[in-house]
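The values are calculated or read from the model by the stated rules, or taken from the named source; none is laboratory data. All of these numbers come straight from a predicted model, not from anything done at the bench. Because the Cβ atoms are built from the backbone with ideal geometry, glycine has one as well, and the counts that use them run over all protein chains shown. Just so you know, the surface numbers come from the protein's heavy atoms only, side chains and all, with ligands and any DNA or RNA stripped out. Shrake-Rupley method; radii C 1.70, N 1.55, O 1.52, S 1.80 Å.
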Amino acid sequence: MKIDGQRLLDDLYTLRKITATPGQGVTRFSYTQEDNRAREYLSHIAEDYGFSMETDAVGNIRICLQQSKGRIIIGSHIDTVRNGGWLDGVYGVISGLEVLRTLTDSGIASDVMLMIYAEEEGSLFGSTMTGSKFLTGKYTADDLTDLKDDRGRTLLDHLEARGYYNADLPLTMDFSSVDRVLEIHIEQGPVMDTEHLQIGIVDTVFGMHVLEIAFSGLGNHAGASPMVGRRDPMSAFAETALAVEKIARDAGNGVVATVGKVSVSPGASNVIPDSVRFTVDVRSNNDRYTTDTVQRIRETASKIANTRTVDCTIRDVAASSAIPLSRTIINEMAALAEDQKLVYRMMDSGAVHDTAMLAPFTDAGMIFVPSINGRSHVPEEDTAEADLIRGTQFLMDHIARTISQAQGRMRDQSSKIRSKP
């Protein structure tokens, strides 16, 4: 079964235009007007093909053939970071949609579902994979009001404004009938592009731990305050930011740490700040490495605050464990890549993905395609059209082989039953 590569690209280019920042990358936050326009576009396609499309209480979308139970789930997301790229997440969504259309065009009866996870990036609430965390029970009803955006609006406020929330709808999902969960994604790093790889097969998705650190000092006039005796939280922040970089480098083992979001109060050029608040994102493929690094950062930030006589508070924003994906699926994908003589390798994912949240409940697998120059989460994010088409075809071939093997097992079972005396 061959996918329609041009149809895939046309959809991607159409969704690229749905952004709050035209000409400055794609900005499509969950529960916004842009998010709604993207959902409407997908709804029209689903309607044209006779697919059912349902939205749950937190905004996750399910698209499938009527009466499908979704034994195979293909999933990703359509939300972005601010001024982000045009392929992160949405490539996986349109690839999944293309698989559904190809199966339908070929007259193949299948039990495949496309899942579009809400608020994967965490752009609104500072917590990634919100939709899948509700599906798996990691988030509960309490988090509907605990999660707040920068303006103090809760997740529940956003859901009610869009008409998604219904107290009668379950927040979690029953995975008992799901055989496997799949996701195809751009790599978002330089490995595949540098090594000229065609397909990446994900082994482990990095775990992550996000801290919010706040330094509070003494705000004062920038010119009238001598350098001696200052209680400057910005200086404490600067020293800590450099320490975070060194701690991660010294940790080795693939540990990465990033100071990503900084808020300075009052934020005037002629005023010594009275407070600085910032996030630190730590990731690795081993939870022990992540935990050790986070602990060192905590201790270092506290020590710097004490030395500079500023107050320090540290809180956990979000955390997820490193998740090894299904060895069965990895082996199947490797065999398929070998059969097709593709240039591939097994690799870890430094970025977190919703599929990792679902991995403890069923077999889970991920496919990567190259990111040009390893750029992602920026307007320059890009992947060659040939790589986009090849990746989706590889996903299609994997699913077709999975369906064929399942049907073969059913025939064998039926044959055994009929042959019994």
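Think of the chain as having a plus end and a minus end, set by charges on the Cβ of Lys, Arg, Asp and Glu; of Tyr91, Gly207, Thr14, Gly207 sits farthest toward the positive end of this dipole. Accessible area per residue for the stretch 170-325 is 49 Å², calculated with a 1.4 Å probe on protein heavy atoms, without ligands, DNA or RNA. Residue-wise HN-Hα couplings along the stretch 287-301, as the Karplus relation 6.51 cos²θ - 1.76 cosθ + 1.60 with θ = phi - 60° gives them from phi, are 4, 5, 4, 5, 4, 4, 5, 4, 5, 5, 5, 4, 5, 5, 4 Hz; Gly and Pro carry x. In straight-distance terms, cross-link reach from Lys138 covers every one of the aspartates and glutamates whose alpha-carbon lies under 15 Å from its own, apart from those fewer than eight places away in the same chain; here that gives Glu119, Glu120, Asp146, Asp174, Asp354. Using Cα springs under 10 Å in a Gaussian network model of the chain, which residue among His221, His185, His44 shows the largest mean-square fluctuation? Its mean-square fluctuation being the largest, the pick is His221. A cut-off under 9 angstrom between Cβ atoms defines the neighbours of Ser320, and their net charge, with Lys, Arg +1 and Asp, Glu -1, is +2. Here r is the Cβ-Cβ distance between Asp203 and Leu342 and R0 is 22 Å; the resulting FRET efficiency, rounded to 0.05, is 0.85. With the simple spin-label model, which puts each label point 7 Å out from Cα in the Cβ direction, the Leu242 to His196 separation comes to 4.2 nm. Backbone amide hydrogens, once placed in the peptide plane, bring Ala318 within less than 5 Å of Val210, excluding anything fewer than 5 places away on its chain.
Stretching Ala268 away from Arg37 to a fully extended chain increases their span by 79.4 nm, per 0.36 nm per residue minus the current alpha-carbon distance. Within the full protein context, the accessible area of Thr194 is estimated at about 100 Å² for a probe radius of 1.4 Å. Between Ala167 and Thr309, what FRET efficiency comes out of the Förster formula 1/(1 + (r/R0)^6) with R0 = 60 Å and r the beta carbon distance, rounded to 0.05? FRET efficiency, Thr309 to Ala167: 0.75.
Here the stretch 300-393 is treated with +1 on each Lys and Arg Cβ and -1 on each Asp and Glu Cβ, and its dipole about the Cα centre works out to around 460 debye. Between Ala406 and Ala384, the simple spin-label model (points 7 angstrom out along Cα→Cβ) gives 3.3 nm. The calculated FRET efficiency for Thr291 paired with Glu47, based on their beta-carbon distance and R0 = 51 Å, is about 0.60.
Taken per residue, the accessible surface of the stretch 1-146 reaches 35 Å², heavy atoms only and a 1.4 Å probe.
Taking the protein heavy atoms of the chain in the context of the full set of protein chains, the accessible area attributed to carbon and sulfur is 48 percent at 1.4 Å. Distance between the modelled labels on Arg16 and Ile108, one decimal in nanometres: 2.8 nm (7 Å Cα→Cβ projection). For a straight C-alpha distance cut-off of 17 angstrom, the lysines reachable from Lys246 (same-chain residues fewer than eight places away being disregarded) are Lys303. Each Lys and Arg contributes +1 and each Asp and Glu -1, all at the Cβ; summed about the Cα centre of the chain, the dipole is approximately 640 debye. What does the charge add up to near Arg180, with Lys and Arg as +1, Asp and Glu as -1, over the other residues with Cβ less than 10 Å from its Cβ? Net charge in that neighbourhood comes out at -2.
Estimated purely from DSSP H runs of n ≥ 4, each contributing -39500 (n - 2.57), the mean residue ellipticity at 222 nm for the chain is -12000 deg cm²/dmol once divided by its residues.
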